[in-house]
Amino acid sequence: MIHEDWLVDRLEFWALRFAVALLGSLPRSWALRIGAALGTLLYYLVWPYRRRGLTHLAWAFPDRSPSELRSILRASARNLGRMAAEICHFPALTQESVGRYVRIGNPELWQQVVAARGQRGLVVLTAHFGNWELLAYAHGLLGVPVALIHRPMRNRLVDEWIVRWRQRAGTRSIAKKAAAKEALKVLRQGGILAIPADQNQRHSFGVFVDFFGRAACTTTGPVRLAAHSGALIVPVFLRRVGETDQHVVEVFPPVELVHTGDPQRDLVENTQRCTKVIEEIIRTYPEQWIWFHQRWKTRPPEERR
C-alpha cells in the first residue's frame, strides 16, 4: 500500500515541475502577465491569506485607508506571481543576458564592500522582498556566488529540486540546522553569506525587536555571525521597478554595530538596527514584501495569554 504522504509529495513535486515547464516554455512577457494574473486570482480566492495580509498592513500603516491597503496587497500578490514566472525562466539567463533585467543601483558601494570582505567574508542582510531568488541567482551568474541559509521545506522532493536549481548559478544552500558551523566556514573563506532576516522566529531562535511598531521575534543570525567572524553586515535588496521585469540591486552602507560590553544588550540593539533597515525599504516599497507571512506570530511572554 502506497503511503499517503509519499503520494502527496510526488503529486506536489510533479505539479510544480509541470507548472515550471509550462511557464518556462512561454515567451517571458507572456509568462509574467500570466503570473501577475494568477497572483491577482489568488488574492481574491484565498480569503484567509487576504485577511491576514490586510490585518498586517493595517498594523503597519494605520494612517492609510482600507482601499489603499487593498491596493498594496493586490500589488504584493501580483509581484509574487511575476516572481514565480521569472523563476521559471532562470535556465535561459546567462552572464551576458542577466544584465537586461538586473542592474546594480550603486555599483561603486557594492564593489567597495565586496573588495573589503578579505578573509572575514561578508554578511548580506536581505529580506523576502522583490524577487529575492533572482538576487542570489544573478550574482552567481556575474561571478559573485552567494551562500544562503536555507530552511528545508516539508516536501523533500521539492526542497532538493530547489537546492539543485539554485546551484545552477553557483548558489550554495546551507541547511538551517547546520547553519552556524558551515556559515562561519563560508565567511572565513572570504565568501558572501545572504541571510533573509524578515521571517518570524520561535522564542529559542530569536529576540524581540520593534518592526512596524509591534514586537517581532527576529533572527539574531546576522549579528552573531558578524560578531564571531568580524564580517561586515551589508543590507542588499532586489527591488522591482514598478510592475515591469526590470530590477535594481539596492545596496546600503554597512550596519553600524554597537559594542557596549553587555553581550545580550548588544545582540538586541544590533538586531534592532538590522530590522530597522529592512523596515525602511518595505515602508518605501510595501507592495514588494510578503504581507501574507505570519511575521508577528510569536509573541513576547507578557502577551501569551
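Brief remarks follow.
- The residue list G190, G143, G118, G170 contains one member that is touching a helix residue (DSSP H, G or I) at 6+ places or on another chain (Cβ under 9 Å), surrounded by fewer than 20 Cβ atoms within 10 Å (Cβ to Cβ) and either part of a strand (DSSP E or B) or at positive phi (or both), which is G170.
- Of the residues screened, E303 is one that is farther than 25 Å from V113 by Cα, touching a residue at least 24 places away in the same chain (Cβ under 8 Å) and surrounded by fewer than 17 Cβ atoms within 10 Å (Cβ to Cβ).
- The numbered conditions (1) within 23 Å of C274 (Cα to Cα); (2) touching a Ser or Thr at 6+ places or on another chain (Cβ under 8 Å) are all true for E182 except (2).
- Taking first residues from the stretch 97-112 that are farther than 12 Å from F252 by Cα and partners that are of a type in the set (V, I, T) and open to solvent by less than 40 Å² (accessible area, probe 1.4 Å), the Cβ contacts under 8 Å between residues at least 6 apart in sequence or on separate chains come to V102/V248; V102/V249; R103/V248; R103/V249.
- Exactly one residue out of L125, L135 is part of a helix (DSSP H, G or I) and not charged (D, E, K, R), and it is L135.
- For the stretch 146-155, a residue qualifies if it is over 23 Å from A227 (Cα atoms) and open to solvent by 60 Å² or more (accessible area, probe 1.4 Å), and the qualifying residues are P152, M153, R154.
- Criterion: under 28 Å from K276 (Cβ atoms), out of contact with any Ser or Thr (no Cβ under 8 Å at 6 or more places or on another chain) and surrounded by 22 or more Cβ atoms within 10 Å (Cβ to Cβ) - qualifying residue of L125, L135: L125
- Breaking point among (1) open to solvent by 10 Å² or more (accessible area, probe 1.4 Å); (2) free of Cβ contacts under 8 Å to residues at least 40 places away in the same chain; (3) farther than 29 Å from W59 by Cβ, for S204: (3)
- Any chance I149 is in contact (Cβ under 8 Å) with a residue 60 or more places away in the chain, outside any loop (DSSP other than H, G, I, E, B) and in contact with a strand residue (DSSP E or B) (Cβ under 8 Å, 6 or more places away or on another chain): yes
- Residue in the stretch 244-253 that is out of contact with any strand residue (DSSP E or B) (no Cβ under 8 Å at 6 or more places or on another chain) and farther than 25 Å from L187 by Cβ present: yes
- Unmet criterion (only one of (1) open to solvent by 30 Å² or more (accessible area, probe 1.4 Å); (2) more than 23 Å from R64 (Cα to Cα); (3) part of a helix (DSSP H, G or I)) for K276: (2)
- Filtering K181, K176 for residues that are without any contact (Cβ under 8 Å) to a residue 12 or more places away in the chain and open to solvent by 20 Å² or more (accessible area, probe 1.4 Å) leaves a single hit, K181.
- Qualifying residue in the stretch 225-248 (condition: among the polar types (S, T, N, Q) and part of a loop (DSSP other than H, G, I, E, B)): yes
The values are calculated or read from the model by the stated rules, or taken from the named source; none is laboratory data. Because the structure is a prediction, the values reported are computed rather than measured. Note that each Cβ is placed from the backbone with ideal geometry, even for glycine, and that neighbours are counted across all protein chains shown. Heads up: the accessible areas ignore ligands, DNA and RNA and are worked out on the full protein's heavy atoms, side chains in. Shrake-Rupley method; radii C 1.70, N 1.55, O 1.52, S 1.80 Å.
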